[in-house]
There are 2 protein chains.
Amino acid sequence: MAILSTRLTRILNIRYPIISAPMAFAGGGALAAAVSRAGGLGLIGGGYGDSSWLGEQFDAADGERVGVGFITWSLRRSPSLLTDVLKQHPAAVMLSFGDPRPFVDEIRAAGALLVCQCQNMEHVEDALDVRADVVVAQGAEAGGHGALRGTLTFVPEAADFIAAHSPATLLLAAGGIADGRGLAAALMLGADGVLVGTRLWASKEALVKERHQASILASNGDGTLRTRVPDIARQLPWPAGFTARIRRNAFTDRWQGREEELARSVAIEGPRYQRAFAEGDPDGTAVWFGEAAGLIHAIEPAAAIVGRMVSEATLQLQRHAGRTPG
Amino acid sequence: MAILSTRLTRILNIRYPIISAPMAFAGGGALAAAVSRAGGLGLIGGGYGDSSWLGEQFDAADGERVGVGFITWSLRRSPSLLTDVLKQHPAAVMLSFGDPRPFVDEIRAAGALLVCQCQNMEHVEDALDVRADVVVAQGAEAGGHGALRGTLTFVPEAADFIAAHSPATLLLAAGGIADGRGLAAALMLGADGVLVGTRLWASKEALVKERHQASILASNGDGTLRTRVPDIARQLPWPAGFTARIRRNAFTDRWQGREEELARSVAIEGPRYQRAFAEGDPDGTAVWFGEAAGLIHAIEPAAAIVGRMVSEATLQLQRHAGRTPG
């Protein structure tokens with residue numbers, strides 16, 4: 001499958017240019033390890049800062065080479081989390097959603113690759129300022145937190161900017177990439193590889209409740225929205241400009257457009273949200289998947305997902321390049 | 001350039017799978033003819049229904065084979081426009097934004113290809129119901145009117161649906177495609193070709209004022225938003241669910257989030273908007289471009305734009321398929 005060899009596969013010494021998104025709660029050590037074993041690189045989701053949970057997830061990765069990702073503004077509230085995690089020798093540390101500056105020296109000193117996820121061109125400038133090894137251009141199609149740029153325009157624009165200002169920096173495309181067509185498209189747009197969230201959220205190894213995963217199979221790509229309501233329900237101080245893409249369901253139907261009322265009744269609605277999430281109720285809580293829902297028709301092992309992405313992308317690339325006159 | 005031969009180029013008998021978006025006001029006969037002469041197919045923008053303007057634009061196309069596109073809900077208010085236009089023997093008629101049913105028989109009887117532009121999966125179902133020859137999957141990156149799905153997920157999902165239900169129907173990708181990387185990516189995603197708006201809005205032949213075109217060169221892809229404000233200012237009854245992507249400027253800064261106030265003061269603000277538009281003032285009116293702004297660095301002849309898209313896409317496809325082990 002040499003056709004998928006890129007600067008990313010060479011620098012990371014991996015077989016395929018596929019990295020798993022460090023999804024909070026869902027992306028544990030088993031999923032990260034499975035993605036790495038399948039030839040990509042798995043990232044454990046650092047989430048909102050639970051040191052013992054993170055320790056368990058590195059244990060679950062069972063010595064497999066993996067990385068980790070953090071929500072940057074949240075990491076600032078408990079920076080010792082990074083120090084703890086770096087003792088596990090992650091291959092890469094990804095920072096998303098906030099100023100990376102306070103953390104870059106420590107990450108670099110530990111020998112981990114510095115990955116900065118970006119949602120707009122200003123973020124890309126910031127990432128180059130801190131000399132990120134890898135920039136992730138994340139489009140609005142992505143499940144979970146993100147912003148407004150579409151993947152299809154953001155990736156080539158970021159690629160041009162990087163080529164002009166820091167050509168050795170690698171670029172990953174994120175947001176809506178769930179199959180080999182998306183991987184092949186990302187390479188055409190100028191990315192060195194892809195970051196995959198939603199498709200791996202719908203894997204056997206993801207830490208996602210069964211009824212939540214069942215609901216992605218019942219949804220098409222129209223069935224999601226970008227919203228602030230889960231962050232209000234959880235009283236998480238997400239910075240302005242970031243929203244979450246989640247499934248459209250009874251919870252979002254009830255609260256979207258009534259954010260102030262939700263904030264006022266959070267003493268009741270907050271615990272109700274958390275209970276529904278813990279129980280795997282797909283209606284009373286956020287269900288965290290993106291627009292790629294319409295491309296996902298089975299919950300499968302991560303290795304099968306990565307393998308099919310690779311073979312499908314290879315086929316697409318060969319088929320089009322080998323095209324004969326019509 | 002046989003590498004870019006697709007079902008679309010064969011069925012339309014064109015050299016390259018590139019069709020110009022029928023941009024209201026901006027996409028006149030000169031632009032459409034230039035795109036057709038360059039090897040694609042140009043579509044004249046039918047806009048909001050001005051029969052004499054449309055006649056002039058077909059004259060400006062000067063016998064070149066072109067098509068035309070209509071805003072479907074608007075066409076319902078003046079259906080004779082379609083009857084008039086069909087006398088010009090357009091190669092294709094594209095319908096966007098509304099129920100195509102009232103018009104399909106007349107289009108088909110005139111021997112024109114029926115193109116239905118879609119913004120979500122429900123629209124795709126409708127397009128197959130009326131046996132559209134071509135479905136356009138338009139993502140939210142697009143300039144002008146559209147909806148919320150991202151191009152990167154919508155195109156492959158539409159491709160799967162079409163393959164399952166009406167495999168002879170062709171598929172175009174639209175929204176954010178402005179260079180050869182976007183064209184190559186669209187082919188990877190399963191499209192038979194692309195519909196190009198913003199990149200051709202920024203062409204010499206487009207009917208766009210100089211200062212409006214200058215403002216796209218000063219903007220990156222972060223500099224746009226989706227909004228209802230120009231439709232409120234113009235008192236155009238756009239159906240719910242559709243918004244316009246335009247440049248972020250003094251006009252949108254002033255009115256975005258204050259839509260009701262704008263509606264109340266439309267007796268003053270409406271004429272002010274129209275005057276600014278007519279004068280080519282880039283601050284006091286909507287400037288109609290999409291997220292591809294960040295990929296556009298010169299106002300060029302349409303033939304140069306099409307030619308570079310073709311050579312760049314060909315190179316991208318060959319380069320990746322020919323990749324050797326790293």
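Name the most mobile residue of B:A158, B:A267, B:A24, meaning the one with the largest mean-square fluctuation, in a Gaussian network model of chain B with Cα contacts below 10 Å.
In the Gaussian network model the winner is B:A267.
Share of Cα-Cα pairs in the stretch B:161-218 beyond 15 Å, in percent?
For the stretch B:161-218, the fraction of Cα-Cα distances above 15 Å is 58 percent.
Hey, rough spin-label estimate for B:D160 and A:Q274, points 7 angstrom out along Cα→Cβ, what's it come to in nanometres?
3.6 nm
Report which residues of the stretch B:274-303 become buried by 40 Å² or more of accessible surface when going from the isolated chain to the complete set of protein chains (1.4 Å probe; DNA, RNA and ligands ignored).
Those residues are B:E291, B:L295.
Between the stretch B:250-326 and the stretch B:31-58, what's the alpha-carbon centroid distance in Å?
Each part's Cα centre sits 19 Å from the other's.
List the accessible area buried at the contact between B and A, summed over both sides and calculated with a 1.4 Å probe, in Å² to the nearest 100.
Result for this pair: about 3700 Å² buried.
If you place +1 on the Cβ of every Lys and Arg and -1 on the Cβ of every Asp and Glu, how big does the dipole about the Cα centre of the stretch B:9-167 come out, in debye to the nearest 20?
Taking the Cα centre of the stretch B:9-167 as origin, the dipole is about 280 debye.
For the stretch B:1-21, which residues drop by 20 square angstrom or more in accessible area between the chain on its own and all protein chains together (1.4 Å probe)?
Buried on complex formation: B:A2, B:I3, B:S5, B:R10.
Suppose every Lys and Arg Cβ carries +1 and every Asp and Glu Cβ carries -1, with no other charges. What dipole size does the stretch B:210-279 come out with about its Cα centre, to the nearest 20 debye?
Values: 12 positive and 9 negative charges, 8 e Å.
Charge dipole, the stretch B:210-279, about its Cα centre: 40 debye, nearest 20.
What does the charge add up to near B:P282, with Lys and Arg as +1, Asp and Glu as -1, over the other residues with Cβ less than 15 Å from its Cβ?
That sum, taken over residues with Cβ under 15 Å, equals +2.
Within the accessible area of the protein assembly as shown, what % is carbon and sulfur when the probe is 1.4 Å and the other protein chains stay in place?
Numbers: 11950 of 23770 Å².
C and S atoms contribute 50 percent here.
In terms of the ratio Rg/(2.2 N^0.38 Å) built on C-alpha atoms, what value belongs to the stretch A:114-243?
Ratio of Cα Rg to 2.2 N^0.38 Å: 1.11.
When you take every Cα atom in the protein assembly as shown, what is the radius of gyration, and what is Dmax, the widest Cα pair distance, in Å?
Both quantities, over Cα of the protein assembly as shown: 24.3, 75 Å.
Just how far, in whole angstrom, is the stretch B:114-163 from the stretch B:164-190 if you go by their alpha carbon centroids?
10 Å
Which three numbers, in whole Å and largest first, are the semi-axes of the equivalent ellipsoid of the stretch A:224-326 derived from its Cα gyration tensor as √(5λ)? Each step should come with its number before you reach the end.
On the way: eigenvalues 308, 51, 25 Å².
Listed largest to smallest, the semi-axes of the stretch A:224-326 are 39, 16, 11 Å.
Which whole number gives the average count of other chain Cβ atoms within 10 Å of the Cβ atoms across peptide A:236-249? Mind showing how you got there, number by number?
Numbers: counts 0, 0, 0, 0, 0, 0, 0, 0, 0, 1, 0, 0, 0, 0.
The per-residue average across the peptide is 0.
Could you list, bin by bin from short to long, the percent of Cα-Cα pairs of chain B in 10 Å steps?
Bin by bin from 0 Å, the calculated values are 6, 28, 37, 22, 6, 1, 0.
Suppose each label sits 7 Å from its Cα in the direction of the beta carbon; what would the B:E312-B:D50 distance come out to in nanometres?
According to this spin-label approximation, the distance is 3.2 nm.
Can you figure out the FRET efficiency of A:D59 with A:R101, using R₀ = 25 Å and their beta-carbon distance, to the nearest 0.05?
In this case the efficiency is close to 0.20.
For the protein assembly as shown, report the accessible area per residue in Å² (1.4 Å probe, heavy atoms, rounded to an integer). Don't skip to the answer; put the middle values down first.
Working: 23770 Å² over 652 residues.
That works out to 36 Å² for each residue.
Running a GNM on chain B with Cα contacts under 10 Å, which residue among B:V85, B:V306, B:V35 ends up with the highest mean-square fluctuation?
Ranking B:V85, B:V306, B:V35 by mean-square fluctuation puts B:V85 first.
What does the average come to when, for each residue of peptide A:140-150, you count the partner chain Cβ atoms lying within 10 Å of its Cβ?
The mean count of partner-chain Cβ atoms within 10 Å per residue comes to 4.
Kirkwood hydrodynamic radius, computed over distinct alpha-carbon pairs, for the stretch B:52-177: how many Å, to one decimal?
14.9 Å
Compute the distribution of all C-alpha to C-alpha distances in the stretch B:210-279, in bins of 10 Å from 0, and list the percent of pairs in each, rounded to whole numbers.
In order of increasing distance, the bins hold 19, 52, 28, 2 percent.
Magnitude of the Cβ-charge dipole of chain B, K/R +1 and D/E -1, about the Cα centre, nearest 20 debye? Let's see the in-between values first.
On the way: 31 positive and 34 negative charges, 100 e Å.
Value, rounded to 20: 480 debye.
The values are calculated or read from the model by the stated rules, or taken from the named source; none is laboratory data. This is a predicted model, so every value here is computed, not measured. Here the Cβ is made from the backbone with ideal geometry for all residues, glycine too, and neighbour counts use every protein chain on show. SASA here: full protein model, heavy atoms, side chains in, ligands and nucleic acids out. Shrake-Rupley method; radii C 1.70, N 1.55, O 1.52, S 1.80 Å.
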